[in-house]
Amino acid sequence: MRAFLAVLLVALCASTFAFEVAGQTSGVEHFKYGSVGIESEEGIPYWIWQVLPRMFADKLPGGYASLGFIWEPGRELPIGFSKKNVFGSARVAVNCAFCHTATYRTAPGGQRVIVPGGATTRLNAQAFSRFLETAASDPRFNAGDMLVEIGKIGQLSWTESISYRLLLIPGTRRALQRHREEFAWMDERPDWGRGRIDPLNPFKYRQLRQPVDQTIGHSDMTPLWGLGLRDGRALHWDGLNPSLKEVLVSSAIGNGASTKSVDLEGLDRVGQWLRDLKPPAYPFPIDRAMAERGAQVFATECSACHATEGVRMGQVIPVAEVGTDRHRLDTWTAAAATAFNEHAAGKPWQFKSFRKTNGYVAMPLIGAWLNAPYLHNGSVPTLMDLLEPAERRPQRFYRAYDVYDPVRVGFVAQGADAQREGEMFDTTKRGSANGGHAYGTALAPDDKSALIEYLKTL
């Protein structure tokens, strides 16, 4: 059994969007729980996945929920996980909803609203990977102890018991220990933090066999709505590929599918669903008169880059112009792009469009209210902060608290509740700078307020 590369799987999900479609299940159900085709290669045996937080509660207080996993009532697995039988044994693997499912609450203690296709702000993907590695290094991760724990919550057949004892438990432990060795390079970089990943370095180093460098690719998750508007333009934060079909197929392969098993027909159906995916409406009252005035400000100040028909929308804006943290840009190299284009050589759908760019993509401001925190690295908590010069933006604030702030328009980022439930974000750390994107910062206060009111409507 090959290693379950938790880091790789969640990282690729942050900037790619593939999953397997079968039968008549709806697009959103497949997005949340469908397979990406990786269980046979890198999935965790089902019962091991189930007992890990029970056996190693000392290493993961609060269980999987403490990592930001989202459960729907009556569901066996959290959103973003699939379950599939492989040679008679169920295995669990992540899918793209793992990274691309947003949540928000309109008040402390309020009901959490789940938004498939939005960018998660609560998930701690790196901590999930490290939990698996730490558990595998513990002496309790052995067939005897683990089968006792499995017996407390389920009943294995005789053949399953033999398989777990002789193959699955020792094999999973060895795979996770190898994973720890292969990803030791992460220890030299700042932690990703909640709601962020390094979307390229894990794949670049392992799959593409590129040399380990010192780049820091920390990035926020991306929302997936409006993808049809961007097909043929620039996809990913840095526009490393303009073809939605190539992005979909490469996502499936990056997440563990082989060049032989990738489901092109299914991916085409999924692509059609994603093209039409829309964000939810802003959940608070909107001053329509002010928003109408803000539409005029948007047309003058923002529409060229961020309107759906803007002349620069979907184009790469040079980092020298936009001025935001360049660490993510430097992560993807020309050599990596060449290697990816050669990865499926000879296939009818072989990659042709991976490239190295010099900046970040101007994305359409669809669902702008729910895309907080802002900039590619999530270093600016609210729209009000984004319209301030860099020196007046918060240097430290709390992320991963999903109560919405309708005044500043973003998630609540300060105060006792945010401190208790969230995680401190420090913009002075490498890869987390909050400078750049000075557009609109010189507007008059009334114009800023009107613009923000209009952005709530998108």
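With S40, S35, S26 as the choices, which residue is within 13 Å of N95 (Cβ to Cβ) and out of contact with any Phe, Trp or Tyr (no Cβ under 6 Å at 6 or more places or on another chain)? Walk me through it before giving the result.
Details: S40 fails: within 13 Å of N95 (Cβ to Cβ); S26 fails: within 13 Å of N95 (Cβ to Cβ).
Checking each option against the conditions leaves just S35.
Against the condition farther than 30 Å from P381 by Cα and surrounded by fewer than 18 Cβ atoms within 10 Å (Cβ to Cβ), how does L229 come out, does it pass?
Here the answer is no, as L229 does not meet what is asked.
Can you tell me which residue within segment 391-405, out of those that are touching an Asp or Glu at 6+ places or on another chain (Cβ under 9 Å) and among the charged types (D, E, K, R), is nearest to K429 (Cα to Cα)? Give the steps one after another, and end with the answer.
Just the residues of segment 391-405 that are touching an Asp or Glu at 6+ places or on another chain (Cβ under 9 Å), to begin with: 392-403.
Applying the additional criterion that residues be among the charged types (D, E, K, R) yields 392-393, 396, 399, 402.
Numbers: R392: 17, R393: 15, R396: 10, R399: 15, D402: 23 Å.
Among them, the one singled out is R396.
Which condition number does N434 fail, the rest of (1) in a loop (DSSP other than H, G, I, E, B); (2) surrounded by fewer than 20 Cβ atoms within 10 Å (Cβ to Cβ) being met?
It is condition (2) that N434 fails.
Looking only at segment 327-352, which residues are touching a Phe, Trp or Tyr at 6+ places or on another chain (Cβ under 9 Å), open to solvent by 40 Å² or more (accessible area, probe 1.4 Å) and either without any contact (Cβ under 8 Å) to a residue 24 or more places away in the chain or among the basic types (K, R) (or both)?
T338, E342, A345
Could you tell me whether S219 is over 18 Å from the mean Cα position of the chain (by Cα) and small (G, A, S)?
no
Does A65 satisfy being buried (at least 19 other Cβ atoms within 10 Å of the Cβ), modelled with pLDDT of 85 or more and at negative phi?
So A65 does not fit the description; no.
With the requirement that a residue be modelled with pLDDT under 85 and either touching a helix residue (DSSP H, G or I) at 6+ places or on another chain (Cβ under 8 Å) or surrounded by fewer than 21 Cβ atoms within 10 Å (Cβ to Cβ) (or both), what does segment 29-62 give you?
H30, F31, V36, G37, I38, S40, E41, E42
Taking into account only those residues within segment 145-188 that are among the aromatic types (F, W, Y) and over 24 Å from the mean Cα position of the chain (by Cα), which is least open to solvent (accessible area, probe 1.4 Å)?
Here the answer is Y164.
Kindly provide the set of residues from segment 30-67 that are in contact with a Leu (Cβ under 6 Å, 6 or more places away or on another chain) and outside any helix (DSSP H, G or I), ordered by number.
Result: P45, single match.
Here is a list: M384, M424. Which entry is in a strand (DSSP E or B), over 18 Å from P223 (Cβ atoms), open to solvent by 20 Å² or more (accessible area, probe 1.4 Å) and at pLDDT 95 or above?
M424
Give the residue, chosen from G226, G217, G239, that is at pLDDT below 90 and farther than 14 Å from F340 by Cα. Full working, then the answer.
On the way: G217 fails: at pLDDT below 90; G239 fails: at pLDDT below 90.
The unique qualifying residue is G226.
Counting just the residues of segment 165-194 that are part of a loop (DSSP other than H, G, I, E, B) and touching a helix residue (DSSP H, G or I) at 6+ places or on another chain (Cβ under 9 Å), which one comes out modelled with the lowest pLDDT?
Top of the filtered list is F183.
Suppose we filter I114, I70, I79 for residues that are surrounded by fewer than 18 Cβ atoms within 10 Å (Cβ to Cβ) and within 18 Å of T222 (Cα to Cα); which single one remains?
I114
So which residues in segment 353-381 are in contact with a Phe, Trp or Tyr (Cβ under 8 Å, 6 or more places away or on another chain), buried (at least 20 other Cβ atoms within 10 Å of the Cβ) and aliphatic (A, V, I, L, M)?
V361, L370, A372, V380
The values are calculated or read from the model by the stated rules, or taken from the named source; none is laboratory data. All values derive from a computational prediction rather than experimental measurement. Neighbour counts run over all protein chains shown; Cβ positions are idealised from the backbone, glycine included. Quick note on the areas: whole protein, heavy atoms, side chains included, nothing else; ligands and nucleic acids left out. Shrake-Rupley method; radii C 1.70, N 1.55, O 1.52, S 1.80 Å.
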